[in-house]
1. Only counting other Cβ atoms within 10 Å, I'd like CYS362, CYS331, CYS111 sorted with the fewest neighbours first.
2. Using a simple spin-label model with points 7 Å from Cα along the Cα→Cβ vector, what separation in nm is obtained for VAL87 and LEU57?
3. Using Cβ contacts closer than 10 Å as the measure, can you line up TYR52, TYR71 from fewest to most?
4. Name the residue farthest towards the positive end of the dipole of the range 3-149 from the options HIS50, MET89, GLY143, assuming +1 on Cβ of Lys and Arg, -1 on Cβ of Asp and Glu, about the Cα centre.
5. With the crude spin-label approximation of a point 7 Å out along Cα→Cβ, what separation in nm comes out for VAL33 versus GLN234?
6. For the range 3-149, what is the charge dipole size about the Cα centre, in debye to the nearest 20, if Lys and Arg each add +1 at the Cβ and Asp and Glu each add -1 at the Cβ?
7. Give me THR156, THR148, THR60 sorted ascending by neighbouring Cβ count inside 10 Å, so fewest comes first.
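Just so it is clear, none of the values below were taken in a lab; they were calculated from the coordinates. Just so it is clear, the structure is predicted and the values come from calculations on it, not from any experiment. Ideal geometry is used to build each Cβ from the backbone, glycine not excepted, and the neighbour counts take in all protein chains shown.
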Amino acid sequence: MNPDRLPRWLRPAADSVVGHAMRLGKSPWIEAVHLLWSVWIFITPAFTPHGYDLRWLLLTLASYPLFLLLYARVLLAPARTAHRHAVAMVAMSLALLPWYPAGLSYFVFGCVLLHPQRMRALPYLGLLLALNGILIGWALWLGYPWRTLLAMPLVTLVVGVVVHVERIGQRNDRALKLSHDEVRRLAATAERERIGRDLHDLLGHTLSMVALKSDLAARLVARDPNAARAEIEQVARGARDALAQVRRAVSGIRAAGIAAELASARLLLETDGVAFGYRVDGDAGAAALPPGVETALALTVREAVTNIQRHARANHAEVRLALEDGEAVLCIVDDGRGGAIVPGNGLGGMRERLEAARGRLCIEPAPGGGTRIEARVPLGVQEQGAA
């Protein structure tokens, strides 16, 4: 669903229920499944004296579309105003009660969806009790039998509190995810600053020496060519030394560790609700792997986990690292939706890095559903190959 193609009043707000679901890669229609409970609007007349008469039909045709609109607005509106539409459901139910017993379902939906922003569970429970008291008093005054009203407080309290607590948990999870994103952003900023300082320390002195020696050689060319040649040779040696230092620094920056990537993968997936586990067999620890092999496999873990988080809709993922017949074998399995592997989701880069390290990549459906990725890299790969 492309929100830009919808009318403005149907576009989900950034902090709405649908907006949060879409950011997590979930379907924007997932909350619509609860509308199945509105079937009671069409069942209730079977237990009333008037049954399915013309009045019920006309009131249903008038109220049910309005109910659907209010339900949609609860899910699409900003968090600070969404509860107003739930209050409108409750008001509509109370207004229709003298003529429309089926409208009690609107009251239940309104109470369940009524979770004002930042309201805690106990105040919300008190609000539900007050609304149920108003409903029961109004219904008894209208002549409704008290037996038909007994279930209303129980249903609204139990379902409403469960949904409210679930919303609080989701809000806390979103706050935790934001804090993790901020930690990663600060870590990336600190790493860029460190890289800048290292390169400045490496090149600052050398480039100053190159500038001074070059100026000196230019002045000596006419009157002392031998001295000028010696200065130029020193400039060349200094430049070669600086180039070697930069290459070593860049190799260290590019290198990625298996342990760091596994920890990052756990943080990324478990924050998103995906259970993650990993196993390192035998001598396959990071210390036993050549730097080039470790970098190639670590970047494979990074790309595979990113794909799982963005596209797989998995509930569980597992990584296994082992040594077999002179090769490092990395296996990544998830229980997501599987299906065709779409090029362009980082898989091309993953395959190219492994082939540069003389390795190979195999992607296939996992037993029981999901996707299985296996990467094999010979242990004799040098660091330059992976870089």
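1. Details: CYS362 10, CYS331 17, CYS111 28.
Ascending number of Cβ neighbours within 10 Å: CYS362, CYS331, CYS111.
2. 3.7 nm
3. On the way: TYR52 12, TYR71 22.
Ordered by Cβ neighbours within 10 Å, fewest first: TYR52, TYR71.
4. Checking the options against the dipole of the range 3-149, the answer is MET89.
5. So the label points at VAL33 and GLN234 sit 7.6 nm apart.
6. Working: 12 positive and 4 negative charges, 90 e Å.
Value, rounded to 20: 440 debye.
7. THR148, THR60, THR156
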